[in-house]
Amino acid sequence: MKRLIAAAVAAGLALEMAHAAPLPEAKPDDVGFSEQGLARLDDFFAREIAAKRVPGAVVAIARDGKLVHYKAYGQLDPVKGTPMSLDAVFALASMTKPLAAVAGLTLMEQGRLPLQASLANYYPDFADMKVGVPQVDGSLKMEAQASPITIHDLYRHTSGLMYGGRPDSSSPLARLYPDGTAPAVEGDTQAFIDRITKLPLVHQPGTEFEYGFSIDVLGAVIEKVTSQRLGDYLASNVWQPLGMNDATFRPSEGQRDRLARPFPNDPLTGKPQSIRLLDTPTKFDCGGACAFATVGDYLRFGQMLLNGGELEGKRILGPKTVHHMTSNHLGPEIKNNVANVEPHRGGFSFGLGVAVRTSEGLSAVPGNPGEFTWNGAYGTQFFCDPKERLVVVVGTAAPGELRKYYREQVQDIIYGAMVR
């Protein structure tokens with residue numbers, strides 16, 4: 001009997017640990033939130049789920065390092081009818097980028113990867129890339145690089161690389177580029193480098209923010225510097241110290257049962273949709289788009305950044321490095337296209353792997369200068385507001401254009417629930 005009781009207690013503790021809150025909990029009123037205001041999130045997702053516009057969601061909100069809202073809504077898998085759970089694993093898409101950026105910055109702090117280093121020092125073929133200048137007749141005029149691509153350019157998307165297949169890009173050069181995850185599915189790191197360096201750059205390096213493969217290339221540089229896969233370096237230096245237990249580039253069989261899945265058809269267009277990486281393994285750890293994690297994992301990552309690089313005694317970066325990461329790195333000489341990526345990014349510039357709010361107003365959503373953020377094309381959302389001591393992470397499996405609607409509505413509701 002004692003053995004049975006001990007086994008039951010152990011099982012209960014394991015279950016409790018599996019669903020443990022990612023941060024210490026507090027009542028909303030204790031940290032300046034209205035409980036009634038936060039209940040609007042429940043009402044919002046209840047309406048959206050009932051209308052079959054999103055299968056489900058997980059939302060985590062922390063203020064002053066305390067968790068004030070942590071809920072799962074709707075379904076993990078709308079085909080199977082599996083309920084959403086707090087330990088759901090989400091394909092992060094471009095929310096992988098801040099993770100890779102932090103990995104790179106740890107190397108900068110070690111004196112192994114300076115910002116002004118030339119990318120060609122690590123992959124020489126980048127030195128030979130030409131800039132493609134569209135001509136009136138539809139042809140491309142190839143020009144030499146006026147200055148080399150630097151590591152700094154990779155972090156801030158000023159390398160001249162882009163993504164193909166983006167609906168918000170009208171560049172004829174976009175037809176030459178693959179979409180964001182295609183290279184990782186099709187070949188290894190070197191095959192990716194070989195493919196990308198055969199394409200024309202779309203701008204002179206250091207002149208224009210152009211969203212694209214820059215952070216994927218940064219991930220390849222990290223692998224070159226460390227002689228490790230990007231995921232292995234992140235696991236040892238970021239994920240394990242922070243207790244991000246489900247963060248990975250290669251979900252295990254157990255994690256695959258917890259992957260959040262989208263509707264088979266886009267609720268807005270009725271056309272088939274999917275998240276390719278849920279069922280197609282990648283051949284290299286693409287730093288721009290290929291990681292997975294739970295919302296709780298990412299909340300701990302965000303809280304670490306908000307704390308100046310440290311969480312629960314584990315220091316990942318120095319506070320001055322985090323400040324540098326989350327400052328504006330697009331000077332007046334660089335064309336700022338950040339708001340072209342998402343419609344509510346007015347008033348934002350870009351730092352090292354994250355968008356940074358630089359102005360009051362302008363944006364469609366409330367917030368403060370100093371807010372840093374980035375989202376994922378499959379429906380994930382992340383932002384930190386240092387002035388309000390706020391971290392928010394949202395997971396949905398919503399890869400269509402509707403995801404941008406959720407990002408705006410959720411931020412509106414959260415700021416509306418703040419009463420001090």
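The values are calculated or read from the model by the stated rules, or taken from the named source; none is laboratory data. Computed from a predicted model, the values in this text were never measured in an experiment. Cβ: placed from backbone, ideal geometry, glycine included. Neighbour counts: every protein chain shown.
Could you tell me whether any residue of the range 401-409 is part of a loop (DSSP other than H, G, I, E, B) and either closer than 30 Å to Tyr73 by Cβ or out of contact with any strand residue (DSSP E or B) (no Cβ under 6 Å at 6 or more places or on another chain) (or both)?
First pass over the range 401-409, keeping only residues part of a loop (DSSP other than H, G, I, E, B): 401.
Going one step further and asking which of them are either closer than 30 Å to Tyr73 by Cβ or out of contact with any strand residue (DSSP E or B) (no Cβ under 6 Å at 6 or more places or on another chain) (or both), we end up with 401.
So far as the range 401-409 goes, yes, one or more of its residues are part of a loop (DSSP other than H, G, I, E, B) and either closer than 30 Å to Tyr73 by Cβ or out of contact with any strand residue (DSSP E or B) (no Cβ under 6 Å at 6 or more places or on another chain) (or both).
Restricting to the range 44-59, name every residue that is hydrophobic (A, V, I, L, M, F, W, C), over 15 Å from Pro399 (Cα atoms) and in contact with a Lys or Arg (Cβ under 9 Å, 6 or more places away or on another chain).
Phe45, Val58, Val59
Restricting the first residue to the range 188-208 and requiring it to be of a type in the set (A, V, I, L, M, F, W, C), which pairs with a second residue that is outside any loop (DSSP other than H, G, I, E, B) and surrounded by fewer than 16 Cβ atoms within 10 Å (Cβ to Cβ) meet a Cβ separation below 6 Å and a spacing of at least six or different chains?
Leu199/Leu176
Quick check on this structure: which one of Thr197, Thr189 is crowded, with 20+ Cβ neighbours inside 10 Å, touching a helix residue (DSSP H, G or I) at 6+ places or on another chain (Cβ under 7 Å) and among the polar types (S, T, N, Q)?
Of Thr197, Thr189, the one residue that is crowded, with 20+ Cβ neighbours inside 10 Å, touching a helix residue (DSSP H, G or I) at 6+ places or on another chain (Cβ under 7 Å) and among the polar types (S, T, N, Q) is Thr189.
Filter the range 231-272 down to the residues that are aromatic (Phe, Trp, Tyr), assigned to a loop (DSSP other than H, G, I, E, B) and out of contact with any Cys (no Cβ under 9 Å at 6 or more places or on another chain) and list them by number.
Residue satisfying the conditions is Phe263 alone.
Considering only the range 324-346, state which residues are in contact with a Lys or Arg (Cβ under 6 Å, 6 or more places away or on another chain) and farther than 23 Å from Leu402 by Cβ.
Hit for the range 324-346 is His329, nothing else.
Any residue in the range 400-420 that's within 14 Å of Ala93 (Cβ to Cβ): show its pairings with residues that are of a type in the set (A, V, I, L, M, F, W, C) at Cβ separation under 6 Å, as long as the two are six or more apart or on different chains.
Gly400/Leu268
May I ask you to say which residue of Asp125, Asp153 is charged (D, E, K, R), at pLDDT 95 or above and under 19 Å from Val338 (Cα atoms)? Steps first, please.
Working: Asp125 fails: under 19 Å from Val338 (Cα atoms).
Only one candidate passes the filter, namely Asp153.
What number of residues within the range 368-383 are crowded, with 23+ Cβ neighbours inside 10 Å and more than 30 Å from Gly270 (Cβ to Cβ)?
4
Name the single residue, out of those in the range 331-363 being more than 14 Å from Phe209 (Cα to Cα) and more than 20 Å from the chain's Cα centre (by Cα), that is surrounded by the most Cβ atoms within 10 Å (Cβ to Cβ).
Selected residue: Leu362.
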